[in-house]
Each structure stands twice: as C-alpha cells, then as structure tokens.
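Input: a single structure, listed below in structure tokens.
The values are calculated or read from the model by the stated rules, or taken from the named source; none is laboratory data. The shown structure was predicted, so the numbers you read here are calculated from the model rather than taken from an experiment. As a convention, Cβ positions derive from the backbone with ideal geometry for all residues, glycine included, and neighbour counts pool all protein chains shown.
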Amino acid sequence: MFIFKFIRKIIAFVFLLIIIIPIYVIGNVWYTANNLTPVKSDVIVVLGAAQFDGRPSELLLARLQSASEKYKDKMAKVIYTVGAGAPGDRSTEAAAGYNWLIANGVPKKSIQAIPKGRDTLGSTEAYVAAMNKAKFTSVLIVTDSYHCLRAMTMAKDLSVTASCASSQTGPGALENSKLRYLLRESAAYLAYITVGRFGISLSDRVI
C-alpha cells in the first residue's frame with residue numbers, strides 16, 4: 001500500500017514539473033523581452049538571419065537598423081556581424097550585414113564580419129572567439145526580443161558579460177512577435193539549458 005502511495009506521489013510530482021517548468025520558462029522569456037536593459041559594451045554583435053544574395057531579409061534588416069542606432073548612440077565602438085551562408089549561397093549573413101552597415105554610414109574600420117555559425121550557439125561561439133582574440137569582455141547583442149534571453153545565456157556561459165537590444169521594427173520586434181514565436185523560443189531555451197549545455201546540439205536554424 002505504501003509503495004502505491006509513493007508511486008502516486010512520484011507521478012504527481014513529475015506531472016507537476018511537466019507543467020510548472022514550461023510555464024516558468026515561458027514567463028522568463030517573456031519577462032526578459034519586456035525588460036531589456038542595453039549596456040555600453042566593448043562590441044555590438046548582430047546575430048545573423050536570412051539574406052538573399054547579399055540583401056538582408058526583413059528580420060536581419062531590423063536587427064541591423066537597431067545595431068546602427070546603438071552604434072551612433074556610442075554603446076560600443078565596434079560592430080560584429082555574424083552568420084554563415086546556406087549551401088549554394090553566394091553571400092553570407094555576416095557579409096550582408098557588413099555591407100548594409102557600411103552603406104548606411106557606419107565606418108568600415110568599425111565593423112568586422114564573422115561568416116560563421118548556422119545557429120545561435122555556433123554564431124555565439126564564433127563571435128566570442130573573435131572577442132577573446134581582441135581582448136573584449138562585454139557584448140551588446142542585437143537580435144529579436146524573445147531571442148534575447150537565450151542569446152545572452154549562451155554568451156554568459158562562454159564567460160562574456162552580455163546585455164541585449166531588440167529589433168524595434170520587423171517581425172522580430174516585440175509588438176510584432178506572435179505567441180508562436182514566444183513558445184518556439186521558450187522551447188529552444190529550455191532545450192539549451194537542459195541538454196545543449198552538455199554538448200548535445202539542437203539546431204535552431206528557423207530563427
């Protein structure tokens with residue numbers, strides 16, 4: 001009888017965890033997106049998104065515009081654009097961002113393109129390696145609102161001080177982000193903190 005009661009308690013506890021943990025994660029992603037505090041840093045990093053033969057997608061364009069504004073506000077003296085290209089592409093996300101920033105008034109000497117990374121973790125590892133080489137220790141990440149928590153967490157896991165500035169326009173802006181994006185990003189964050197930190201790679205290429 002005791003065994004059955006014990007098993008029921010275990011089942012109830014597990015069921016409770018299955019409900020509570022996702023709700024907590026969703027709340028954390030939502031709260032972070034709604035309470036971002038960009039901090040002056042060594043470098044601004046624009047996380048990559050789709051590009052079309054060197055032309056930034058709407059998602060990437062919004063990130064670049066936000067990064068340009070932060071640069072002009074003197075939040076950092078250097079901008080990294082990061083992101084590889086898809087197989088067969090003639091350009092990369094990093095190159096598309098690099099060229100757009102130059103065309104829109106950011107000095108060439110202030111930008112470094114890092115054409116590596118096909119997902120958030122790969123991109124983070126690539127730009128942190130560049131930061132270490134330059135002896136930078138702090139980063140202002142520019143990405144979509146709901147993406148900020150995971151992007152900052154990955155950077156901090158690689159011993160970098162990180163804050164985040166979100167896109168103010170486009171589909172990744174907070175006011176334009178749908179519930180689907182919140183749920184997808186919450187699932188990606190949960191996957192990272194539970195298995196991604198242990199070297200199990202789960203690509204988020206949809207971001």
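What tally of residues in segment 135-158 results from selecting those that are surrounded by fewer than 18 Cβ atoms within 10 Å (Cβ to Cβ), under 18 Å from residue 82 (Cβ atoms) and without any contact (Cβ under 8 Å) to a residue 40 or more places away in the chain?
2
Conditions first: (1) under 23 Å from residue 92 (Cα atoms); (2) touching a Leu at 6+ places or on another chain (Cβ under 6 Å). Residue 140 passes all but one, so which condition is the exception?
Failing condition for residue 140: (2).
In this structure, is residue 174 farther than 27 Å from residue 132 by Cα and either modelled with pLDDT under 90 or more than 14 Å from the chain's Cα centre (by Cα) (or both)?
Details: farther than 27 Å from residue 132 by Cα: yes; either modelled with pLDDT under 90 or more than 14 Å from the chain's Cα centre (by Cα) (or both): yes.
The answer is yes for residue 174.
All but one of (1) at pLDDT below 90; (2) exposed (fewer than 11 other Cβ atoms within 10 Å of the Cβ); (3) not polar (S, T, N, Q) hold for residue 21; which doesn't?
Here residue 21 clears every test but (2).
Has segment 123-142 got at least one residue that is in contact with a strand residue (DSSP E or B) (Cβ under 7 Å, 6 or more places away or on another chain), farther than 20 Å from residue 54 by Cβ and of a type in the set (S, T, N, Q)?
So the first thing to find is which residues in segment 123-142 are in contact with a strand residue (DSSP E or B) (Cβ under 7 Å, 6 or more places away or on another chain), and the list is 123, 126-127, 130-131, 136-142.
Cutting the leftovers down to farther than 20 Å from residue 54 by Cβ gives us 127, 130-131, 136-141.
The next check asks that each one be of a type in the set (S, T, N, Q); those that pass are 137-138.
Yes.
Out of the residues in segment 159-183 that are part of a helix (DSSP H, G or I) and touching a helix residue (DSSP H, G or I) at 6+ places or on another chain (Cβ under 8 Å), which is surrounded by the most Cβ atoms within 10 Å (Cβ to Cβ)? Lay out the reasoning, then the answer.
Initially, segment 159-183 is screened for residues part of a helix (DSSP H, G or I), giving 174-176, 179-183.
Now restrict to residues that are touching a helix residue (DSSP H, G or I) at 6+ places or on another chain (Cβ under 8 Å): 174, 181-183.
Values: 174: 17, 181: 21, 182: 16, 183: 14.
The qualifying residue surrounded by the most Cβ atoms within 10 Å (Cβ to Cβ) is 181.
Just one of 186, 159, 163 is under 20 Å from residue 66 (Cα atoms) and modelled with pLDDT of 85 or more; which is it?
So the residue among 186, 159, 163 that is under 20 Å from residue 66 (Cα atoms) and modelled with pLDDT of 85 or more is 163.
If I filter segment 84-110 down to residues being in contact with a helix residue (DSSP H, G or I) (Cβ under 8 Å, 6 or more places away or on another chain) and of a type in the set (Gly, Ala, Ser), which single residue comes out as surrounded by the fewest Cβ atoms within 10 Å (Cβ to Cβ)? Give the steps one after another, and end with the answer.
Restricting attention to segment 84-110, the residues satisfying the condition of being in contact with a helix residue (DSSP H, G or I) (Cβ under 8 Å, 6 or more places away or on another chain) are 84-85, 93, 96-97, 100-102, 104-106, 108, 110.
Now restrict to residues that are of a type in the set (Gly, Ala, Ser): 84-85, 96-97, 105, 110.
Values: 84: 20, 85: 20, 96: 29, 97: 30, 105: 9, 110: 15.
My answer is 105.
Tell me whether segment 36-54 contains one or more residues that are at pLDDT 95 or above, in contact with a helix residue (DSSP H, G or I) (Cβ under 7 Å, 6 or more places away or on another chain) and of a type in the set (S, T, N, Q).
Within segment 36-54, not a single residue is at pLDDT 95 or above, in contact with a helix residue (DSSP H, G or I) (Cβ under 7 Å, 6 or more places away or on another chain) and of a type in the set (S, T, N, Q).
Before we move on, is residue 86 at pLDDT below 95 and in a loop (DSSP other than H, G, I, E, B)?
Working: at pLDDT below 95: yes; in a loop (DSSP other than H, G, I, E, B): yes.
Taking the combined requirement at face value, the residue satisfies it.
Among the residues of segment 49-83, write down those that are surrounded by fewer than 18 Cβ atoms within 10 Å (Cβ to Cβ) and part of a helix (DSSP H, G or I).
58, 69, 72
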